[in-house]
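Asks: Let me begin by handing over the structure; questions about it come next.
The values are calculated or read from the model by the stated rules, or taken from the named source; none is laboratory data. These numbers come from a predicted model, not from an experiment. As a convention, Cβ positions derive from the backbone with ideal geometry for all residues, glycine included, and neighbour counts pool all protein chains shown. Ligands, DNA and RNA are excluded from the accessible area calculation, which covers all protein heavy atoms including side chains. Shrake-Rupley method; radii C 1.70, N 1.55, O 1.52, S 1.80 Å.
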Amino acid sequence: MTAGAQAPPRSGARGDEIRIGIALSAMGFVLAGLGACVAILARDLDEPTSRLALLSSGFAAGLLLVAVVGPRMLKLWPMPTVLGVGSVVCAVGAVLIAVAPAYAVAIAGGLLVGLGGALLVLVAPLMLNGPTAAARLSRVNAVASGTGILAPLAIGTLDGLGPGGRYAMLAAAPPLLFLAVLTRRSRPAQPAHPREQVSVPVLIDSAPAVGLGRKWRRVGRRVVMDVGAGWLRVVLAVSVEFCFVVWAVARLVASGLPTAVAALLGSTFPIGMAIGRAIGPIRYRGWSPVFPSGALAACGTLLVSLFDSPALVALGLVVAGLGVAPLYPVTLAALVATPGLSSARLSAIGAMASGTAILVAPALLAVLARLVDLRTAYLVTLPLIAVLFLLSRRSDRAAFV
């Protein structure tokens, strides 16, 4: 634990928790709704579904960019200011996705959601830092997961009623703008030591809050190998997760369901994820939790890919969600536990891994869907899980046990 984590809580700690809860809940709603919006935007804008893959890439691009420039921003601006800017940018992005009259506007909205959302997860753990940080982060994380389940349900219901499902994304804008107003009255947090580095935990699915430490220094070969393997494990885990996050609703549409019904059933994957996260990693003897979780994810993939019955596809999404849920927390925990480097620097490496996966994996699945079909393209997750198995078999870190 860092020195900052042991500092006494500030007098406005409760207010910070409320602000961060609003931020992550609204952003969780938007991110969970992107998958449903891919299918709806493809229909509304008369674009191939595969072209909308760039919508999900916005968050990845924002994560990568903020991981690099975010710490410098925090040196220039107080944390509440960064939180307010991120809220406004994310709100504008959600509005653009909801009302986009053209493809370019929708992609711009996705990029703004990514930039704003990445700023939110950058400052969130720093504002909640203190002796009760774990409990406070757990509370806001639970609320954010709940709003993520609501997104496809709201989008599907609204689309079935007629106005257009993506208008449900407008629901995220008022709380984000309200948050920006709240931050104007907050006072910047003063760190106990100017050069203090804060170890930052994960707040939401596949979006680690990070603060880059000093530049990479020469380290031993073993450390480099361990960090490289840990980085690749995170990439693989996040890749599998976001293939389902982005393309689940499109797969249900391809099975013959109307878009509105598919958007409603798209909630099956986040529901499976929520249950899986509540259960936690499955531990059996000395085996890594990656194995039972990956096996469930593979079974869900087979149900989604080999059958064209909407009921079986939806069942596959639930099973896949149950299996995918622990993969990212487990792989990131192992990366951050790598000896030889600071946890802040390792968290930054984890952020880069997540951004890389979110940027590449959904786009790769879209390319494969053009060559074959989306049903067959989903099988790409199986070799990703297989490689994750191979890398995890050799891991003996406590985070995996």
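Asks: Counting just the residues of segment 367-376 that are in contact (Cβ under 8 Å) with a residue 60 or more places away in the chain and part of a helix (DSSP H, G or I), which one comes out surrounded by the most Cβ atoms within 10 Å (Cβ to Cβ)?
Replies: Step by step, filter segment 367-376, then rank; the result is Ala369.
Asks: Please count how many residues of segment 108-127 are farther than 16 Å from Pro175 by Cβ, buried (at least 20 other Cβ atoms within 10 Å of the Cβ), at pLDDT 85 or above and hydrophobic (A, V, I, L, M, F, W, C).
Replies: 3
Asks: Now, a different point. Given the criterion closer than 20 Å to Arg233 by Cα, in contact (Cβ under 8 Å) with a residue 60 or more places away in the chain and crowded, with 24+ Cβ neighbours inside 10 Å, identify the matching residue among Ala325, Ala297, Ala263.
Replies: Sole residue among the options that is closer than 20 Å to Arg233 by Cα, in contact (Cβ under 8 Å) with a residue 60 or more places away in the chain and crowded, with 24+ Cβ neighbours inside 10 Å: Ala297.
Asks: Is at least one residue of segment 15-33 buried (at least 19 other Cβ atoms within 10 Å of the Cβ), in a helix (DSSP H, G or I), more than 21 Å from the chain's Cα centre (by Cα) and at pLDDT 80 or above?
Replies: Taking every residue of segment 15-33 in turn, none turns out to be buried (at least 19 other Cβ atoms within 10 Å of the Cβ), in a helix (DSSP H, G or I), more than 21 Å from the chain's Cα centre (by Cα) and at pLDDT 80 or above.
Asks: Kindly indicate whether any position in segment 376-384 is in contact with a helix residue (DSSP H, G or I) (Cβ under 7 Å, 6 or more places away or on another chain), modelled with pLDDT of 85 or more and either of a type in the set (D, E, K, R) or farther than 27 Å from Ala32 by Cα (or both).
Replies: Looking for residues that are in contact with a helix residue (DSSP H, G or I) (Cβ under 7 Å, 6 or more places away or on another chain), modelled with pLDDT of 85 or more and either of a type in the set (D, E, K, R) or farther than 27 Å from Ala32 by Cα (or both), one finds none in segment 376-384, hence no.
Asks: Need pairs with beta-carbon distance below 9 Å; first residue among the aliphatic types (A, V, I, L, M) and within segment 269-280, second open to solvent by 30 Å² or more (accessible area, probe 1.4 Å) and not in a helix (DSSP H, G or I); sequence gap 6+ or separate chains.
Replies: That search, which allows pairs on different chains as well, returns Met273/Asp205.
Residue-by-condition table, conditions (1) outside any helix (DSSP H, G or I); (2) under 18 Å from Phe389 (Cβ atoms); (3) in contact with a helix residue (DSSP H, G or I) (Cβ under 6 Å, 6 or more places away or on another chain):
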{"residue": "Val261", "(1), (2), (3)": "no, no, no"}
{"residue": "Ala274", "(1), (2), (3)": "no, no, yes"}
{"residue": "Arg285", "(1), (2), (3)": "yes, yes, no"}
{"residue": "Ser288", "(1), (2), (3)": "yes, yes, yes"}
{"residue": "Leu296", "(1), (2), (3)": "no, yes, yes"}
{"residue": "Cys299", "(1), (2), (3)": "no, yes, yes"}
{"residue": "Leu312", "(1), (2), (3)": "no, no, yes"}
{"residue": "Gly316", "(1), (2), (3)": "no, no, yes"}
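Asks: Among (1) at pLDDT below 85; (2) over 22 Å from Leu31 (Cβ atoms); (3) under 24 Å from the mean Cα position of the chain (by Cα); (4) open to solvent by 10 Å² or more (accessible area, probe 1.4 Å), which single condition is Ala278 missing?
Replies: Checking Ala278 against (1) at pLDDT below 85; (2) over 22 Å from Leu31 (Cβ atoms); (3) under 24 Å from the mean Cα position of the chain (by Cα); (4) open to solvent by 10 Å² or more (accessible area, probe 1.4 Å), the one that fails is (2).
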